[in-house]
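A.B. asks: Structure incoming, see below.
The values are calculated or read from the model by the stated rules, or taken from the named source; none is laboratory data. Since we're looking at a predicted model, the values are computed, not measured. Quick reminder, even Gly has a Cβ in these numbers, built from the backbone with ideal geometry, and neighbours come from all protein chains shown. To get the accessible areas, we keep the full protein, side chains included, count just its heavy atoms, and leave off ligands, DNA and RNA. Shrake-Rupley method; radii C 1.70, N 1.55, O 1.52, S 1.80 Å.
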Amino acid sequence: MNDQRALQMTTAGIPVSLSPCFQEYDLDHLDPKRHAGLVIERVLAYGNRVELRWLFDAYGRGRVADWVKQLGARRLPWRRYNLWCVLLELPPARRTRPEAQRIWNH
């Protein structure tokens, strides 16, 4: 069975399985076009393979890569940001905060 067909969608076209990623929002009122940045952020950070496939089908690799380049370092968990830089063949991730200002060594 095709994973895409197994996804249950909201009226706006967002997979219902993403509702835990949007706990502070009413998923039925999120517009995938108007709230694209938020949707891309949450799915890249917390989505599973099926949800990620939906994301790339909905927005395209170019738009997702542009979002990661522009906002990923600030809005994604650091490990996820590094992962997406590698997978999308973007320049290596650089920390935005200098070493001397970090609280932890990692």
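A.B. asks: Once phi is turned into θ = phi - 60°, what whole-Hz ³J(HN,Hα) does the Karplus curve with 6.51, -1.76 and 1.60 give for every residue of the stretch 34-43, x standing for Gly and Pro?
C.D. replies: Ordered by residue, 3J(HN,Hα) equals 6, 10, 4, x, 5, 5, 4, 4, 5, 6 Hz.
A.B. asks: If you count only protein heavy atoms and use a 1.4 Å probe, how large is the accessible surface of Lys69, to the nearest 10 Å²?
C.D. replies: Ignoring ligands and nucleic acids, Lys69 comes out at about 120 Å².
A.B. asks: Using the Karplus curve 6.51 cos²θ - 1.76 cosθ + 1.60 with θ = phi - 60°, what ³J(HN,Hα) values do you get for each residue of the stretch 84-91, in whole Hz, with x for Gly and Pro?
C.D. replies: For the stretch 84-91, the Karplus curve yields 5, 4, 5, 5, 8, 6, 9, x Hz.
A.B. asks: Show me 87-94, 47-54 ranked by packing, highest mean number of other Cβ atoms within 10 Å first. Write down the numbers at each step before the final one.
C.D. replies: Details: 87-94: 11.6, 47-54: 15.9.
Result, highest mean first: 47-54, 87-94.
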